[in-house]
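Novice: Take this structure, written in structure tokens, and hold onto it; I'll ask about it next.
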Amino acid sequence: MSTDRLPPGQQLAARGKWPVVGERQPLAAIEPWSVTVDGLVAQPRRWTLEELQQLPATEKCIDIHCVTRWSLLDVPVKGVELKALLAQVNPSPRARYVSFVAHTERHHSTSLPLEESLSLGAMVVWSMFGRPLPVDHGGPVRMVVPGKYFYKSVKWLSRIELLEHDRLGYWEAEAGYHNGADPWREERFAAPGISKQQMQKLLATRDWSEQSLLALQASGRELVGLVARGAVLRAADFRQARLQQANFEGANLSNSRFGEADLRAASFLDADIEGCDFSGADLRGCDLRSLSMLGVTFVSLSGTAVVDETTRFRDGLLDQLADEQADFVRSRQVSIE
Ligand SMILES: Nc1nc2c(c(=O)[nH]1)N[C@H]1C(S)=C(S)[C@@H](COP(=O)(O)O)O[C@H]1N2
Ligand SMILES: [Mo]
């Protein structure tokens with residue numbers, strides 16, 4: 001058996017076995033089942049299952065990789081490409097993410113960058129293994145997103161919503177699953193190397209003091225009031241995260257990304273923020289009296305940080321910034337102490 005198609009840490013599921021993972025059934029059946037495409041589109045639209053099945057269908061063989069380490073290769077699927085549906089709703093140029101929502105009790109959902117979902121060939125699927133989709137596997141219709149861990153493929157699909165900003169899905173928000181979900185890079189958990197239980201606890205308590213969480217994936221997360229005093233958070237991804245009042249005092253955040261994050265009244269007092277990117281972040285009331293400012297970015301093609309007289313900088317450290325960054329800070333009314 002060739003294993004070059006098995007991503008690291010995966011095993012083939014037992015022959016003839018197709019495990020059921022997560023929810024087992026939808027909310028009381030919608031009759032007739034329909035899928036709505038809306039959000040940032042000019043012509044929102046709803047298709048019943050029958051109408052979907054009248055569109056030009058696509059059939060292909062895909063590989064399934066579940067984050068719980070089983071894989072199925074060459075699974076025949078039949079459905080309609082997301083691209084074909086979007087061609088009929090006129091998406092806004094502002095749409096950058098897509099959220100797939102299930103008709104289930106917990107309104108289960110998952111999301112992807114729009115471009116990526118299209119380039120991976122995301123499909124709305126009603127048949128797998130040559131048979132109508134069984135209910136426990138998402139029948140009558142589910143998403144299938146090839147090339148991502150299977151938690152990016154929502155069962156009992158009822159809505160496809162186009163968004164400007166990412167909205168984390170159920171597993172990503174509640175269980176700490178990685179929002180990237182690339183099986184070839186083993187993007188299983190938001191903090192590689194810690195367990196799902198540990199990650200859930202960290203998200204629930206929001207106390208990360210003194211913890212070591214390298215390369216944490218926390219983009220778009222709701223983390224208001226986070227306490228991460230003295231934590232080691234090198235290379236974290238906090239883009240678009242909500243971090244008002246977060247306490248990063250004395251933390252090591254080198255090379256972390258805070259693009260477009262809400263950091264109002266957050267504190268980086270005595271933190272290591274070398275190489276951090278704050279492009280487009282809201283830094284009003286933020287204490288940036290860090291240990292060093294080497295390689296810090298406030299303005300780039302992807303955005304300009306918001307600073308005002310309540311944004312605090314340490315006297316002397318501005319000289320460590322690249323010229324363009326130092327000019328930006330000096331051109332604003334900030335507090336230099
Ligand atoms: N609505 C819904 N979709 C879901 C889930 C879920 O719990 N609810 N679990 C996901 C996960 S983690 C996996 S691995 C796959 C499992 O699909 P399967 O049960 O058909 O194998 O569905 C995904 N889609
Ligand atoms: Mo999964």
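Novice: Report the one residue of P76, S302, G9 whose Cα lies farthest in the direction of the positive end of the charge dipole of the chain (charges on C-beta: Lys and Arg +1, Asp and Glu -1; origin at the Cα centre).
Specialist: Highest projection toward the positive end goes to P76.
Novice: Which value in deg cm²/dmol, rounded to the nearest 500, describes the helix-derived mean residue ellipticity at 222 nm for the chain, given -39,500 (n - 2.57) per DSSP H run of n ≥ 4 and division by the residue count? Please report the intermediate quantities before stating the final value.
Specialist: Numbers: 6 runs with 40 residues, N = 337.
Taking each H run of at least 4 residues, the total per residue is -3000 deg cm²/dmol.
Novice: Could I ask something else about it? Give the average over all directions of the projected area of the C-alpha convex hull of segment 1-141, one decimal, in nm².
Specialist: 9.4 nm²
Novice: Could you grab the Rg to Rh ratio for segment 176-249? Cα atoms only, Kirkwood for Rh.
Specialist: Details: Rg = 11.6 Å, Rh = 12.3 Å.
Rounded to two decimals, Rg/Rh equals 0.94.
Novice: Pairs of lysines 8 or more apart, or on different chains, with alpha carbons under 28 Å: count those in the chain, would you?
Specialist: Close lysine pairs under the 28 Å cut-off: 23.
Novice: From zero outward in steps of 10 Å, how is the percent of C-alpha pairs of segment 129-234 spread across the bins?
Specialist: For segment 129-234, the pair-distance distribution reads 13, 39, 29, 14, 4, 0.
Novice: Place a +1 charge on the Cβ of each Lys and Arg in the chain and a -1 charge on the Cβ of each Asp and Glu, then give the dipole magnitude about the Cα centre in debye, rounded to the nearest 20.
Specialist: On the way: 38 positive and 43 negative charges, 253 e Å.
Here the chain has a charge dipole of around 1220 debye.
Novice: Then there is this: Compute the acute angle (0 to 90°) between the alpha-carbon long axis of helix 196-205 and the principal axis of greatest extent of the alpha-carbon atoms of the chain; round to the nearest 10°.
Specialist: Helix 196-205 and the main axis of the chain meet at about 50 degrees.
Novice: Right, another one. Work out how far the C-alpha atoms of the chain reach from end to end along every principal axis, then list the three figures in whole Å, largest first.
Specialist: Principal extents (largest minus smallest coordinate, Cα): 68, 44, 36 Å.
Novice: If you average the alpha carbon positions of segment 114-169 and of segment 187-213, how far apart do those two centres end up, in angstrom?
Specialist: 27 Å
Novice: Now, a different point. Counting only other residues whose beta carbon sits under 11 Å from that of V37, what net charge do I get with K and R as +1, D and E as -1? Provide the component values of the computation, followed by the final result.
Specialist: Working: positive: R45, R46, R159; negative: D38, E161.
That works out to +1.
Novice: How big is D for segment 233-337, in µm² s⁻¹ as a whole number, if Stokes-Einstein is applied with the Kirkwood radius of its Cα pairs at 10 °C and 1.306 mPa s?
Specialist: Estimated via Stokes-Einstein, D reaches 123 µm²/s.
Novice: Which value, in debye to the nearest 20, describes the size of the charge dipole of segment 40-168 about its Cα centre when Lys and Arg Cβ atoms bear +1, Asp and Glu Cβ atoms bear -1, and nothing else is charged?
Specialist: Numbers: 16 positive and 13 negative charges, 33 e Å.
So the dipole magnitude of segment 40-168 works out to roughly 160 debye.
Novice: Relative to 2.2 N^0.38 Å, what does the C-alpha radius of gyration of segment 70-179 come to as a ratio? Two decimals please. Don't skip to the end; give the middle numbers.
Specialist: Working: Rg = 13.4 Å, N = 110, 2.2 N^0.38 = 13.1 Å.
Normalised Rg, Cα atoms only: 1.02.
Novice: Going by average Cβ density within 10 Å per residue, which order do the peptides 151-158, 288-295 take, highest to lowest? Can you show the working numbers first?
Specialist: Working: 151-158: 25.2, 288-295: 19.6.
Result, highest mean first: 151-158, 288-295.
Any read-out appearing in this document is the output of simple, stated calculations on the displayed coordinates, not a laboratory observation. Small disclaimer: the values here were computed from a predicted structure and weren't measured. Reconstructed Cβ throughout: ideal geometry from the backbone, glycine too, with neighbour counts over all protein chains shown.
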